[in-house]
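The values are calculated or read from the model by the stated rules, or taken from the named source; none is laboratory data. Computed from a prediction, not measured in an experiment: that's the story for all the values here. So basically every Cβ, Gly included, is an ideal-geometry build from the backbone, and we count neighbours across all protein chains shown.
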Amino acid sequence: MKLARPDIFHPRIVFAGCPSLPDGDGDDAGLVAALRTRGLHARWLSWDDPATRDADLVVLRATWDYADRLDEYLSWTRSVRNLVNAPALVAWNVDKHYLIDLDKLGVPVVPTRHFPVGHTVTVPAGEVVVKPAVGAGSQGAQRFVDADAAAAHAAQLHAQGRAVLVQPYDGRIADGETALVFLNGEESHAFIKGPILPPAGSAPQFEETGTYATETLSPAEPEDAIWEVGRLAIAAVTRIFDIDAHDLLYARVDVIGGAGASAATGRGLDDPRLLELELVEPSLGFRQLSPVGRADAERRFALGVESALERLGLGPLSHRRP
């Protein structure tokens with residue numbers, strides 16, 4: 001085992017949380033130790049802590065309040081010395097308009113219409129989901145059967161200066177979403193996220209800090225057809241930004257249709273759809289793995305951080321420990 005030595009220079013690494021979760025939500029609790037076995041020091045800070053600007057590398061993790069402070073957050077991502085994932089990826093991914101970009105590149109996404117502020121929102125027949133284009137933790141997302149109620153919610157979001165997405169409600173979501181985790185551009189593991197949105201007319205329940213909606217998680221071993229949706233999404237990102245897949249330290253692709261067929265739609269594994277692509281601050285589901293599987297995934301995450309440092313030319317350059 002390689003242990004960090006105080007007599008050797010080390011790059012300063014910060015895992016970024018938010019004011020209500022400065023040390024993350026516990027899912028990433030093993031990452032500091034995993035980095036230490038690679039001879040690297042790291043610590044947690046809230047992203048808005050001025051000390052983050054002294055770090056040689058900032059790794060986004062639980063920055064789950066960004067939607068409420070978007071301009072400040074994006075400015076901060078550009079102000080730190082080095083950030084993973086990269087600021088350009090963050091700026092693109094915080095706005096779910098990216099679903100339109102992915103659709104144009106052939107990624108099978110949930111049908112989505114985007115309505116900027118000032119545009120009239122049209123609501124299709126049937127049950128729909130209305131959500132802000134920029135939002136984290138299901139904040140502002142609701143299901144509707146009544147078109148007038150859906151339009152009223154969209155108008156409320158517009159009045160707050162927020163663009164709106166309208167999507168048909170897919171009954172397969174009752175089976176849960178399959179969250180596909182990629183580390184360093186490669187398939188790692190997966191887990192099931194239970195449905196978050198309650199029946200039409202109700203808002204999601206949030207955990208005690210109000211940062212994210214509560215959900216039930218469980219391990220998963222998806223079919224290859226589900227992983228293929230994730231692979232297509234990662235390939236699309238590499239095309240859009242002209243990067244290598246290994247430049248993505250982490251990514252999570254949330255897919256519906258992967259937890260089994262649903263009588264509500266008559267569709268099953270033959271038509272999986274991407275619901276979200278998370279490149280900013282996704283929970284990676286380490287706690288859903290066995291102890292051996294978790295240790296292996298955390299080791300690969302640490303190797304990815306080490307590789308990112310090497311790509312940035314950040315060898316052992318500083319003795320100041322974070």
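General remarks:
- Residues of the range 267-296 that are modelled with pLDDT of 95 or more, aliphatic (A, V, I, L, M), assigned to a loop (DSSP other than H, G, I, E, B) and more than 21 Å from residue 136 (Cα to Cα): 289 alone.
- Residues that are modelled with pLDDT of 95 or more and more than 16 Å from residue 282 (Cβ to Cβ), drawn from the range 59-76: 69, 70, 71, 72, 74, 75, 76
- Residue in the range 12-25 that is surrounded by fewer than 23 Cβ atoms within 10 Å (Cβ to Cβ), within 19 Å of residue 183 (Cβ to Cβ) and out of contact with any Phe, Trp or Tyr (no Cβ under 7 Å at 6 or more places or on another chain) present: yes
Yes or no, residue by residue, for (1) in the same structural domain as residue 181 (by TED's automatic domain parsing); (2) at pLDDT below 95; (3) under 16 Å from residue 299 (Cβ atoms):
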residue: 5; (1), (2), (3): no, yes, no
residue: 23; (1), (2), (3): no, no, no
residue: 32; (1), (2), (3): no, no, yes
residue: 35; (1), (2), (3): no, no, yes
residue: 39; (1), (2), (3): no, yes, yes
residue: 45; (1), (2), (3): no, no, no
residue: 49; (1), (2), (3): no, no, no
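- Take the conditions (1) touching a residue at least 12 places away in the same chain (Cβ under 8 Å); (2) surrounded by fewer than 20 Cβ atoms within 10 Å (Cβ to Cβ); residue 94 misses just one of them, which is (2).
- The sole residue among 154, 190 that is of a type outside the set (Ser, Thr, Tyr), surrounded by 21 or more Cβ atoms within 10 Å (Cβ to Cβ), part of a strand (DSSP E or B) and in contact (Cβ under 8 Å) with a residue 12 or more places away in the chain is 190.
- Hits in the range 220-242 (condition: over 15 Å from residue 182 (Cα atoms) and either surrounded by 19 or more Cβ atoms within 10 Å (Cβ to Cβ) or in contact (Cβ under 8 Å) with a residue 12 or more places away in the chain (or both)): 223, 225, 239, 240, 241
- Tally of residues being farther than 19 Å from residue 308 by Cβ and surrounded by fewer than 20 Cβ atoms within 10 Å (Cβ to Cβ) across the range 46-91: 13
- Residue check for residue 236: among the hydrophobic types (A, V, I, L, M, F, W, C), modelled with pLDDT under 95 and not assigned by TED's automatic domain parsing to the domain that holds residue 60: no
- Helices (runs of 4 or more DSSP H) within the range 1-115 that include 3 or more residues of a type outside the set (Val, Ile, Thr) and under 30 Å from residue 140 (Cβ atoms): 70-79, 87-93, 98-104
- Selection status of residue 229, closer than 24 Å to residue 121 by Cβ and modelled with pLDDT of 95 or more: no
- Selection status of residue 130, touching a helix residue (DSSP H, G or I) at 6+ places or on another chain (Cβ under 7 Å) and in a strand (DSSP E or B): yes
- When the range 170-185 is limited to residues that are over 19 Å from the mean Cα position of the chain (by Cα) and either surrounded by fewer than 19 Cβ atoms within 10 Å (Cβ to Cβ) or within 20 Å of residue 279 (Cα to Cα) (or both), the one that is modelled with the highest pLDDT turns out to be 171.
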